[in-house]
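The next block holds one structure in the form of structure tokens; read it before the comments.
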Amino acid sequence: MKVLFLTPWYPSEKDAMLGLFVQKHVEAVRAQGVDVRVIFSRGWIDLCRQWRALKREWGLPDVVQLNVIQKQGLLALWLKKKYKIPYVIVEHFTGYLPENKSVAESRWHIAFMKRICREAEVVMPVSEQLGKAMQSLGFQAKRWEIIDNIVDDFFFDTATKIDKKTNIKTLLNITCFDEPHKNVKGLLRAAKALSEKRQDWRLVLVGTGVDYREVRAYADTLNIPAGLVVWTGELTPGEVAEWMHKSDAFVLSSRYETYGVVLAEAVAAGIPIVSTPVGIAEDVADIIVPQEIAQGDAKRFADYMETVLWNSELISKNNKKVSKDRFSTQAVGKKLKAVYASCMDYSAQ
């Protein structure tokens, strides 16, 4: 089976993190014995040039996977019409979400996107929430499926779980410090409120980003007692996994997410989760924090944080028992390969 990935996002020398989730899907499918090639391009001329070169070397694919509905969709549609090559869509874009509805710049643009969506054999948003957002905007598909992002194997390694020799609880948050998106200030206000009740805990903030300095300056104005908030800066995926394994719980305060891979990583690491109702949180979180509380009621948000850290009986009762295997390279790779196989009959019609 030969599968062509078309994507505007993919890791490169300029940005090693851009589209990392697409690269992981590529690796998962290759691990299933599929011959995969990738065209990573943002410009139409470059897209056509790469396609012509690939066709000479590799021939025609059996299936095309379009990652995000952008101009690459024109190539997918053309291949379908000219050669009867079916295509599927994996959608990650936050622009469909009502909190960040930036999907269409014009009527023509959204009409084009809807046409690309309708012509696909299968459309796979990365969360049910994202799929519902697309449908609420009028996007239609022959078939909808949910496809998960992939968690690195070392998050599943329970042998690395670190024995704690302290009564201090650790609450972990991983963020890119994009404040309109991640609501870190709301999390910090809750930390301040919790500090006024008890101080046998710490909040570890992993990451950096465009609003990092602003958020740190804001934290200073809250006068949270020293040592309760730990700023690690940017870490490698392996270092993030280490923090997951030595933390008591994970907290996510985002205003919106299409998926929230950090939630899947927390599931893989086996720690409880308290989260706003974003991305896959409704599937995996032990405690859901309503958005109005996460953004505007610091004391109640602090109560949720306290519960996830100290009320293990409630967490055990509420735990949704999502299988860790759901997020593994093997599980996601098998599902994608099965979807491709289900589309192969189209070319024979």
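A few comments on the model shown:
- Filter pass, V278 being within 23 Å of A133 (Cα to Cα), touching a Gly at 6+ places or on another chain (Cβ under 8 Å) and of a type in the set (A, V, I, L, M): yes
- One residue stands out among those in the range 13-24 that are within 19 Å of the chain's Cα centre (by Cα) and part of a loop (DSSP other than H, G, I, E, B): the one that is modelled with the lowest pLDDT, which is M17.
- Candidates V3, V26, V36 - the one that is touching a residue at least 60 places away in the same chain (Cβ under 8 Å) and among the β-branched types (V, I, T): V3
- Scan of the range 67-94 for residues that are assigned to a helix (DSSP H, G or I) and either outside the structural domain of E145 (by TED's automatic domain parsing) or not aliphatic (A, V, I, L, M) (or both), ordered by number: Q72, G73, W78, K80, K81, K82, Y83, T94
- Whichever residue in the range 274-309 is more than 22 Å from T94 (Cα to Cα) and outside any helix (DSSP H, G or I) and, among such residues, is farthest from the chain's Cα centre (by Cα): D297
- Test: residue in the range 126-135 that is among the β-branched types (V, I, T), surrounded by 14 or more Cβ atoms within 10 Å (Cβ to Cβ), out of contact with any Gly (no Cβ under 7 Å at 6 or more places or on another chain) and outside the structural domain of S253 (by TED's automatic domain parsing): yes
- Residue ID - surrounded by the most Cβ atoms within 10 Å (Cβ to Cβ), chosen from residues in the range 266-279 that are farther than 18 Å from R189 by Cβ and not β-branched (V, I, T): G279
- Residue that is surrounded by the most Cβ atoms within 10 Å (Cβ to Cβ) [pool: residues in the range 241-265 that are closer than 17 Å to S328 by Cα and aliphatic (A, V, I, L, M)]: L263
- Members of the range 62-86 found to be free of Cβ contacts under 8 Å to residues at least 60 places away in the same chain and crowded, with 23+ Cβ neighbours inside 10 Å, listed by number: I69
- Which numbered condition V64 misses (of (1) more than 17 Å from the chain's Cα centre (by Cα); (2) more than 20 Å from T94 (Cα to Cα); (3) in a loop (DSSP other than H, G, I, E, B)): (3)
The values are calculated or read from the model by the stated rules, or taken from the named source; none is laboratory data. This one's a predicted model, so the numbers in the text were calculated from it and none came from an experiment. We place every Cβ from the backbone using ideal geometry, glycine too, and count neighbours over all the protein chains shown.
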